[in-house]
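Note sheet for the following structure.
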Amino acid sequence: MKVLQEKITKHGQVISGRILKVDSFLNHQIDPELMHQIGLEFAQLFSSDEITKIITIESSGIAPAVMAGLHLHVPVVFARKRKSLTLNDDLLSSTVFSFTKNETNEISISKKYIKENDRVLIIDDFLANGEAASALAEMVEKANAKVMGIGIVIEKSFQKGANKLKDQGYRVESLARISSLADDKVTFTSEKMEELI
Ligand code: 5GP
């Protein structure tokens with residue numbers, strides 16, 4: 001997605017050759033127009049999959065997921081990282097090791113919001129080692145619903161997540177694919193492919 005690549009190139013900051021900081025439009029301040037375009041792109045990619053529900057994980061997955069939900073006309077559920085007094089229903093839970101925070105979180109979704117026969121699209125902001133997406137997929141499957149695909153805003157293709165999820169049979173659609181953050185420079189997968197042609 002060209003507009004997303006341009007935004008990353010202009011505003012992204014690389015930290016220690018592995019982490020991309022995009023706080024100015026995705027992870028802290030949010031660019032609503034860009035999120036709207038991202039949501040539309042996901043909706044188009046999964047338009048023929050009869051999606052009935054989108055799930056994501058708090059907090060940075062929520063903006064792109066809601067915009068995709070708006071265009072697909074389906075509800076969006078976000079997995080919570082902390083138990084709260086109001087989250088007292090029967091829960092589906094899974095654990096996620098956070099690559100950026102170096103900690104393990106238990107994430108939960110109320111069983112009320114994923115039903116058997118739901119056709120679920122999983123959305124997240126980043127894909128690195130695939131921990132978050134795998135945990136979400138596990139919860140969908142525990143509910144006997146079907147994972148129709150995984151939509152990612154920024155895939156770091158040099159980490160193992162995308163291949164791991166594809167090997168497990170999931171369809172992964174990433175709007176920007178980064179092949180390297182080496183030397184604190186962002187290289188997109190398509191750029192590299194073009195160089196090879
Ligand atoms: P994974 O679970 O695939 O290992 O990592 C994805 C999760 O970690 C995302 O939900 C995202 O919050 C966070 N993450 C992983 N890599 C990055 C990164 O380079 N930048 C930012 N901002 N978040 C990341």
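The values are calculated or read from the model by the stated rules, or taken from the named source; none is laboratory data. Every value quoted in this text rests on a predicted model; they were computed, and no experiment measured them. Cβ: placed from backbone, ideal geometry, glycine included. Neighbour counts: every protein chain shown. Please note that ligands, DNA and RNA were not included when accessible areas were found on the heavy atoms of the full protein model with its side chains. Shrake-Rupley method; radii C 1.70, N 1.55, O 1.52, S 1.80 Å.
Solvent exposure of the range 2-196 amounts to 51 Å² per residue of accessible area, where only protein heavy atoms count and the probe is 1.4 Å.
Ranked by solvent-accessible area (1.4 Å probe, protein heavy atoms only, all chains present), the residues Lys164, Lys10 order from largest to smallest as Lys10, Lys164. How about the range 39-81: which GluC sites (Glu not before Pro) there lie in a loop by DSSP and see at most 13 other Cβ atoms within 10 Å? Passing sites in the range 39-81 are Glu50, Glu58. Computed over protein heavy atoms with a 1.4 Å probe, the carbon and sulfur contribution to the accessible area of the chain reaches 49%. The Cα-based radius of gyration and maximum Cα-Cα distance (Dmax) for the range 3-143 are 15.3, 44 Å. Placing unit charges on the Cβ atoms only, positive for Lys and Arg and negative for Asp and Glu, gives the chain a dipole magnitude near 340 debye about its Cα centre. Restricting attention to the range 100-197, lysine pairs at least eight places apart or on different chains and with alpha-carbon atoms under 17 angstrom apart total 12. When peptides 149-161, 177-189 are sorted by average Cβ neighbour count within 10 Å, with the highest value leading, the order is 149-161, 177-189. Any chance you could look up the accessible area of His71 with a 1.4 Å probe, heavy atoms only, rounded to 10 Å²? His71 exposes around 50 Å² with every protein chain in place.
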